[in-house]
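Each reported figure results from applying straightforward, stated rules to the coordinates on display, with no laboratory input. What you are looking at is a predicted structure, and each value in this text was computed from that prediction instead of being measured. Methodologically, a virtual Cβ is constructed for each residue, glycine included, from the backbone with ideal geometry; neighbour enumeration extends over all protein chains shown.
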Amino acid sequence: MIIGIDDTDSNEGMCTTYLGALLLDELQAYGTVESLPLLVRLNPTIPYKTRGNAAVALKLKTDFPEKVIAHVLSRIEELARMECEKTNPGAVFILEKDYENLKPVLGNFLKEAVRDVIEIRKAKSLISKFGIFSKGFKNGRGLIGALAACGAMLNPEEWDHTFEHLAYRQKEKWGTSREVEKESFFEADRETYPETWDTVDITNRLVVCVPHSADPVLFGIRGENPEIVTRAAGMIRGEPVERFAVYRTNQGTDMHLLSAANIAEIQDMHSYKLEGTVSAVPKTICGGHVFFPIRDERGDEVDCATFEPTKNFREIVRKLMPGDKVILSGSVTSRTLNIEKIEIKKLAPLYIEENPKCPDCKKHMKSAGQGQGFRCRKCGTQASSKIRYEAERDLETGLYEVPPCARRHLAKPLVREKRYDIGIYPSR
Ligand code: ATP
């Protein structure tokens with residue numbers, strides 16, 4: 001059977017992936033685990049999320065489905081942060097006999113949950129239409145993520161994937177500061193990058209795979225295959241780990257991006273890949289956030305933003321000029337595209353105008369007075385007008401990304417891009 005779970009945590013603690021790891025170990029009493037557990041990231045703009053909008057799915061071969069269901073539900077009741085208003089757990093159970101029937105329906109539901117906004121009643125009516133066994137706690141919003149995670153498990157070939165090794169803290173340490181040796185993360189990165197990524201942020205000298213919240217995660221190593229993430233995790237020195245799990249995941253795949261044909265079709269709470277031309281000089285506002293508009297071929301405009309946490313990425317953005325042709329990836333909230341990646345396709349020519357130079361003494365001439373052209377002060381040589389030339393841009397075409405410390409879970413890191421037609425500038 002396939003078990004989907006979502007929405008068990010709050011800002012004060014827990015994490016649905018921890019519950020997944022715990023159940024993965026405990027459910028072996030009732031059967032055999034059939035594949036790696038799934039960690040599915042859903043629409044990153046959903047306001048109900050606690051942190052990264054994750055849902056989890058497990059696959060188990062069992063002759064005791066009732067016992068499995070009872071165990072999963074009792075663990076959710078025991079561990080979910082029900083007291084938090086935003087915690088509305090959901091669990092979905094799919095029996096093997098229903099796999100084929102539900103595969104296309106839940107495959108589509110997964111795509112919608114990653115790219116669109118779904119109402120709870122849609123999840124509930126799908127559950128009743130297909131007679132799916134499920135349990136929603138409180139308002140049952142977690143059923144959306146739980147169904148989507150089951151859809152991912154039913155359609156493993158339908159989506160690009162990466163892996164994450166998640167290590168969990170011993171219970172008595174939850175809520176205390178994490179004891180980890182910073183240098184061991186840099187060592188693991190040196191040994192395993194670029195097959196692992198987002199362990200550290202080299203430019204900003206930060207360890208980025210250790211959370212700061214009260215949840216049970218000690219660290220998570222992301223990478224291209226289960227072996228490499230496990231190898232990197234084995235190099236980490238720190239407090240004892242209670243348990244770990246290697247998840248197959250849609251993190252780092254850009255699965256959230258819709259391709260927008262034009263600006264008129266983009267909507268809030270959706271993420272896009274969008275082509276346009278920079279239409280004004282980027283402006284830095286108080287707080288260090290950078291904004292600029294792009295225009296499409298129909299003349300529509302949208303504001304684009306890179307916020308202060310994107311650090312050095314803003315230096316690239318500040319160098320853009322009106323006329324530059326770009327393809328942007330990012331999420332739209334409040335009619336503003338929050339940039340995750342930028343492909344600079346074509347740079348507008350930069351023309352500089354300056355006073356002519358004296359051919360003899362090589363110095364710039366000075367104005368000879370209004371409407372009187374220019375004159376060299378030293379030798380008296382004259383010229384009628386300023387000279388205009390095309391200067392080199394301090395920017396190259398190619399693909400740029402925000403640094404690891406600002407990366408969205410779903411955003412595909414440039415180390416995973418296999419594009420040889422353009423320059424690729426991974427930001428670490
Ligand atoms: P957790 O570790 O508990 O999963 P989280 O940060 O992943 O924490 P949730 O607490 O799961 O976030 O909250 C997200 C909620 O939004 C869940 O109830 C989920 O079912 C719901 N949700 C996810 N994707 C969508 C979507 N596309 N449309 C509407 N609701 C969604």
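Some notes on this structure:
- Along its principal axes, the chain has C-alpha extents of 100, 48, 40 angstrom, given from the largest down.
- The C-alpha radius of gyration of segment 101-193, expressed as a fraction of 2.2 N^0.38 Å, stands at 1.53.
- Estimated D of segment 350-391 in µm² per second, where Rh is the Kirkwood radius over Cα pairs and Stokes-Einstein applies at 4 °C, 1.567 mPa s: 124 µm²/s
- Across LYS325/LYS412; LYS182/LYS346; LYS86/LYS273; LYS346/LYS412, pairs whose alpha-carbon gap is larger than 32 Å: LYS182/LYS346
- Cα-Cα separations in segment 133-237 greater than 18 Å, expressed as whole percent: 59 percent
- Inter-part distance where segment 119-174 and segment 308-322 are each reduced to a Cα centre, Å: 37 Å
- By average C-beta atoms within 10 angstrom, highest first, the peptides 15-23, 318-326: 15-23, 318-326
- Placing dummy labels 7 Å off each Cα toward the beta-carbon, the span from ILE387 to GLU77 is 8.5 nm.
- Estimated distance in nm for a label pair at ARG190 and ASN262, the labels positioned 7 Å out from Cα along Cα-to-Cβ: 5.4 nm
- Descending by average beta-carbon neighbour count within 10 Å, the peptides 134-146, 256-268, 387-399 line up as 134-146, 256-268, 387-399, the highest first.
- Convex hull volume per residue in cubic angstrom - Cα atoms of segment 182-274: 145 Å³
- Packing here is the average count of other Cβ atoms within 10 Å per residue, and on that basis the peptides 205-214, 106-115, 175-184, highest first, run 106-115, 205-214, 175-184.
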